[in-house]
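Structure below; questions to follow.
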Amino acid sequence: MTLFFAGYITPHFLIIAEDRFHLATVPFLAIFAAQCWNGGWSSIRQRWAGSKAGKVALILASVVILLLMANWGVELWRDADKLTLLFGPNGNQAYFSY
């Protein structure tokens with residue numbers, strides 16, 4: 001899995017590829033999400049009570065989640081005018097430059 005991500009994302013990162021090219025990694029990331037959630041809340045509680053490394057991992061994961069949510073919120077706020085136009089009655093005729 002590490003080789004896949006390194007081999008797929010590295011060239012796209014170097015050429016600053018569009019976001020849509022990274023969508024091919026979503027199914028592979030879903031494997032990690034499913035594995036993480038497989039145990040449910042009991043697994044998270046066990047990791048928190050288990051060791052210091054488990055607590056650090058959960059705190060770092062929470063920080064990453066909060067940063068991603070903040071990033072998505074800022075992007076939605078920044079593009080609110082475009083989204084309003086896009087979802088309006090003539091959104092198919094917006095003719096954005098991208």
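The values are calculated or read from the model by the stated rules, or taken from the named source; none is laboratory data. This one's a predicted model, so the numbers in the text were calculated from it and none came from an experiment. Note that we place each Cβ from the backbone using ideal geometry, even for glycine, and neighbour counts take in every protein chain shown.
Among the residues of region 35-53, how many are under 23 Å from the mean Cα position of the chain (by Cα) and modelled with pLDDT of 85 or more?
Total satisfying the criteria: 0.
Can you give me the number of residues within region 80-91 that are within 27 Å of the chain's Cα centre (by Cα) and exposed (fewer than 11 other Cβ atoms within 10 Å of the Cβ)?
4
Here is a list of conditions, (1) free of Cβ contacts under 8 Å to residues at least 12 places away in the same chain; (2) outside the structural domain of MET1 (by TED's automatic domain parsing), and LEU58 meets all of them except one; can you say which number that is?
Only one criterion in (1) free of Cβ contacts under 8 Å to residues at least 12 places away in the same chain; (2) outside the structural domain of MET1 (by TED's automatic domain parsing) is unmet by LEU58, namely (1).
Follow-up question, since we're still on this one. Restricting to region 42-78, name every residue that is in contact with a Leu (Cβ under 9 Å, 6 or more places away or on another chain) and surrounded by 11 or more Cβ atoms within 10 Å (Cβ to Cβ).
The answer is ILE44, ARG47, TRP48.
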